[in-house]
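**Student:** Okay, handing you the structure first.
Readers should treat all values here as calculations from the given coordinates under stated rules, not as data from a laboratory. Since the structure is predicted, the reported quantities are computational estimates derived from the model, not experimental observations. We place every Cβ from the backbone using ideal geometry, glycine too, and count neighbours over all the protein chains shown.
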Amino acid sequence: MCAAQQGMVILGGPSCVGKGPLYEALCRFYPQLAQRLQKLVLFNSRPPRPGEVDGVDYHFRSREDIEALRGRPGYVVLEVRGDVQALDLEQVRQVLQQGRSPFFEGNPFVPVQLWQHPETRDLPRVSVFLSPLSREEILELTAPERRVNLQDFVAEVMRRKLLRRTQRQKGLLSLKELSDIETRAQSAYREMQLAWQFDYVIPNHDGEDSENWQQFYYPLGDARRALATFAAILSGEPAPGAEQWEAHLLP
């Protein structure tokens, strides 16, 4: 399915893998594709990061307020990396009625739930998982002679990205912020285990901590390749930079 067709477009992946910068780059360099998408705004119990706007990035609410939505018809509510998030499915219906594609950008736990929900499981969709490692790298790292604990390896990769991003945003970090970083880093492997359920996987080493997204205006390195691949997928064109993962790739 391409973005011109009516259905959901999903971009998932671990925290700080580069989903936000990828969408921003799509808006900047492929506006004809981005304007077909309407981003879904979820409820989130965490406080906004620097630059985030309530009602645009998320509906920032207390944990208690979001938990109160659990079990109510038309809401998907779940725990995500220590926070509580919720999606009002009425948003999805409204966007579809406007003839646009509902666009979800965030952790992969929510879309997996949507694929099982009776109101959204049968919707046409294209789903993309942004991964900090490629399939080839995973196969090399999991070779018996390497003796690599892949879960610890992934956590360390994402921990470094998260630390760089948060230090850039906030400078000195509090114990609470360090704890949040650790929660997100430890969650990354479990999220990558869901990647095989997505239509496409795009390897990307330029996470949100990378200057390759905006420092030189034009994306460079993996940021450029990820953008070109994402745009090709949304256009319904061949995307040689994308991968499909088998269910048993990550043990």
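**Student:** Restricting attention to segment 153-163, does a residue exist that is free of Cβ contacts under 8 Å to residues at least 12 places away in the same chain and among the aliphatic types (A, V, I, L, M)?
**Tutor:** Scanning segment 153-163, I find no residue that is free of Cβ contacts under 8 Å to residues at least 12 places away in the same chain and among the aliphatic types (A, V, I, L, M), so the answer is no.
**Student:** Right, here's the next one. Would you confirm, using the coordinates I've provided, whether Pro73 is closer than 22 Å to Ser179 by Cβ and part of a loop (DSSP other than H, G, I, E, B)?
**Tutor:** Taking the combined requirement at face value, the residue does not satisfy it.
**Student:** I've got another one for you. Inspect segment 149-161 for any residue being closer than 24 Å to Asn212 by Cα, touching a Phe, Trp or Tyr at 6+ places or on another chain (Cβ under 6 Å) and not basic (Lys, Arg) and give the result as yes or no.
**Tutor:** Yes; the residues of segment 149-161 include at least one that is closer than 24 Å to Asn212 by Cα, touching a Phe, Trp or Tyr at 6+ places or on another chain (Cβ under 6 Å) and not basic (Lys, Arg).
**Student:** If you check Pro14 against the conditions, is it crowded, with 21+ Cβ neighbours inside 10 Å, not polar (S, T, N, Q) and not in a strand (DSSP E or B)?
**Tutor:** Yes; evaluated as a whole, the condition is true for this residue.
Conditions tested, residue by residue: (1) surrounded by fewer than 23 Cβ atoms within 10 Å (Cβ to Cβ); (2) over 14 Å from Cys16 (Cα atoms); (3) of a type in the set (D, E, K, R).
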{"position": "Gly171", "(1), (2), (3)": "yes, yes, no"}
{"position": "Leu175", "(1), (2), (3)": "yes, yes, no"}
{"position": "Leu178", "(1), (2), (3)": "yes, yes, no"}
{"position": "Arg184", "(1), (2), (3)": "no, no, yes"}
{"position": "Ser187", "(1), (2), (3)": "yes, no, no"}
{"position": "Arg190", "(1), (2), (3)": "yes, yes, yes"}
{"position": "Pro203", "(1), (2), (3)": "yes, no, no"}
{"position": "Gly207", "(1), (2), (3)": "no, no, no"}
{"position": "Ser210", "(1), (2), (3)": "yes, no, no"}
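**Student:** Search segment 212-227 for residues being of a type in the set (Gly, Ala, Ser) and within 16 Å of Lys19 (Cβ to Cβ), and hand back the single one that is surrounded by the most Cβ atoms within 10 Å (Cβ to Cβ).
**Tutor:** Here the residue is Ala226.
**Student:** Right, next: Starting from residues that are outside any helix (DSSP H, G or I) and of a type in the set (A, V, I, L, M, F, W, C), keep the ones in segment 192-201 and report whichever is surrounded by the fewest Cβ atoms within 10 Å (Cβ to Cβ).
**Tutor:** Leu194
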